[in-house]
Structures are given as C-alpha cells and as structure tokens.
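Take a look at the structure below.
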C-alpha cells in the first residue's frame, strides 16, 4: 500500500467524520426545536447540507439518530466508522446505559466534601465553590439534559430517570448541606432564621443555575448571553444572597426605633 493511497484513505476518513459531526449537530438542533416526534431526517439532512441517503449511511433510522445524538451529548466517543450505519438499542437498554453513564460522569467532589464536614472558616467561599462545580457540570452536559427534557413526551423513561432519580439524589445531598449551614448560622436562612426552609432556598439556586447554564442556549431571548458573564453574575448574586445578615448598626443618639432619620434631624434643628 503506497503512501498516496494511505493519504487518500485518511482524507476520506476525515471527510466522513466531519460529515457525521455535521449530521449530529443538525440533528441536535432539530430535536431541540421540534421534539422527537416533530423532527424528520429530511430536516436534519437540509440543516447538515447532505442528502437524506447520506444520513441513512450513518444511522439506520430516526431512533438510532436520536440515540447517537444523546450519546454524543453525554460525551461518549463516536462509533467506529466501520460499524455504521448505527443501529439503535432497545429502549430499556438505552435507559440503562444512560443511568450508567450518569453514574460515570456525575462526580461532585466539592459538594461531597462539604456535606461531610462541619462549617469551614470561610463558608461563603465553600458555597461559591459548590455553585461553580454544579455550574460546570450543567454547562458541560446541557445538550443531553435539554434533549431529554425536550423529547420527554416520546422518551418518558429517560425524563423520569434524570429528574426523579439522578437530579433528586444530587438535590437531596445539597439540601442537607444547606440545612446544616443554615442551622450553624454561617449562611443566611430563608425565609428567615426562625423557620429555615433549605428546600425552597435551594430550588431558587438550582433553577437560577439551570436557566443560565443550560436553558438560555435554547431560549431565543437569552441565547446571546455570554457564558462567562452569566456564570460570574449568577454565582456572585447567589453568594451575596446567602451572606448572613449583619447586626444592625448602632442607632444614632437622636434616632429612636421606628423614627425616621429625617424626623430626628428636624427635632434636632428645632
């Protein structure tokens, strides 16, 4: 086998891989915009600027395309080109694989360490690190999560797996951390110190991060927002929101509780 032939084979393989990437990118957009039921291979082909026949040379059908897009969104290495067209696995087997994949990638060492120790010297710094860890994970896998959410009608088992099993487990651990830190008095309790409710407070945190780390990508009024600016703004505001309320400043000699500074000043002048 001469060098020129090897070079031609390499070029052909590169073009094939590039075409597959275009098809997967186009399919992701189609599924996110139209849902599983509304997406068509014709639409995917037009977005990828290839023929429908070319799409079929990579995947056996729409179900196989959906699975391949989901696997790519969960950062699984692409299939070997010699094994194409890709065949879908049985629905229950796909759900099992997704659960196993979440187990492989869902590592939150900062949250785990914080949940296992008493309050540190700098609890707000700990909180910030936990929030950054959660943001980084959701930002990395937002395509997969949005895909599962958008296609929930046709893939309810995947939707239930993420929201009822995986997300609920992480939420419970974070809620336990918030409850402890509120009880220790090192972060602000909501709605107030007399009746702390970590579940509601954490829900606000989770939804704020989820929107700006994931959902903004598919919202036409928010997809222009910058990743770095969004992250620093959201995390900065959340950390500030949990800063414990300081003791009220010493009252001025002429200011009584319930009296406005303006009235006190008027009394002084009179």
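The values are calculated or read from the model by the stated rules, or taken from the named source; none is laboratory data. None of these values were measured; they are calculated from a predicted model. Here Cβ is always computed from backbone atoms with ideal geometry, including for glycine, and neighbour counts include all displayed protein chains.
For (1) farther than 30 Å from residue 179 by Cα; (2) out of contact with any helix residue (DSSP H, G or I) (no Cβ under 8 Å at 6 or more places or on another chain); (3) surrounded by fewer than 14 Cβ atoms within 10 Å (Cβ to Cβ); (4) at pLDDT 50 or above, each residue gets a yes or a no:
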site: 213; (1), (2), (3), (4): no, no, no, yes
site: 229; (1), (2), (3), (4): no, yes, yes, yes
site: 243; (1), (2), (3), (4): no, no, yes, yes
site: 257; (1), (2), (3), (4): yes, yes, yes, no
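For segment 169-184, enumerate the residues that are over 12 Å from residue 242 (Cβ atoms) and touching a residue at least 40 places away in the same chain (Cβ under 8 Å). Once the filter is applied, which keeps residues that are over 12 Å from residue 242 (Cβ atoms) and touching a residue at least 40 places away in the same chain (Cβ under 8 Å), segment 169-184 yields 170, 173, 174, 176, 180, 184. Among the conditions (1) in contact (Cβ under 8 Å) with a residue 60 or more places away in the chain; (2) over 19 Å from residue 106 (Cβ atoms); (3) exposed (fewer than 13 other Cβ atoms within 10 Å of the Cβ), residue 128 misses just one, which is (3). Summed over segment 89-112, the residues that are closer than 24 Å to residue 176 by Cα and in contact with a helix residue (DSSP H, G or I) (Cβ under 9 Å, 6 or more places away or on another chain) give a count of 11. Selection of segment 134-158 for residues being without any contact (Cβ under 8 Å) to a residue 24 or more places away in the chain and in contact with a helix residue (DSSP H, G or I) (Cβ under 6 Å, 6 or more places away or on another chain) yields only 152.
Taking the condition of being part of a helix (DSSP H, G or I) and at pLDDT 90 or above, how many residues in segment 78-111 meet it? Before the answer, list the steps.
As a first pass, look at segment 78-111 and keep what is part of a helix (DSSP H, G or I): 81-83, 91-105, 109-111.
With at pLDDT 90 or above added as a condition, the list becomes 93-105, 109-111.
Number of matching residues: 16.
Among the residues of segment 78-99, those that are loosely packed, with under 11 Cβ neighbours inside 10 Å and over 17 Å from residue 155 (Cα atoms) comprise 80, 82, 83. The lone criterion from (1) within 23 Å of residue 219 (Cα to Cα); (2) without any contact (Cβ under 8 Å) to a residue 40 or more places away in the chain; (3) in contact with a strand residue (DSSP E or B) (Cβ under 9 Å, 6 or more places away or on another chain) left unmet by residue 41 is number (1).
Against the conditions (1) surrounded by fewer than 13 Cβ atoms within 10 Å (Cβ to Cβ); (2) under 26 Å from residue 223 (Cβ atoms), residue 144 satisfies every one except (1).
Taking every residue in segment 13-28 that is more than 15 Å from residue 53 (Cβ to Cβ) and pairing it with any residue that is modelled with pLDDT under 95 and assigned to a helix (DSSP H, G or I), at least 6 positions away or on another chain, the pairs with Cβ-Cβ distances below 8 Å are 13/81; 17/81.
When the residues of segment 59-77 are narrowed to those that are part of a loop (DSSP other than H, G, I, E, B) and within 29 Å of the chain's Cα centre (by Cα), which ends up surrounded by the most Cβ atoms within 10 Å (Cβ to Cβ)? Step through it out loud before you land on a result.
From segment 59-77, those part of a loop (DSSP other than H, G, I, E, B) are 60-61, 74-77; that's our starting set.
Filter once more, so that each one left must be within 29 Å of the chain's Cα centre (by Cα): 61, 74-77.
Values: 61: 14, 74: 20, 75: 13, 76: 14, 77: 7.
Only one residue tops the list, namely 74.
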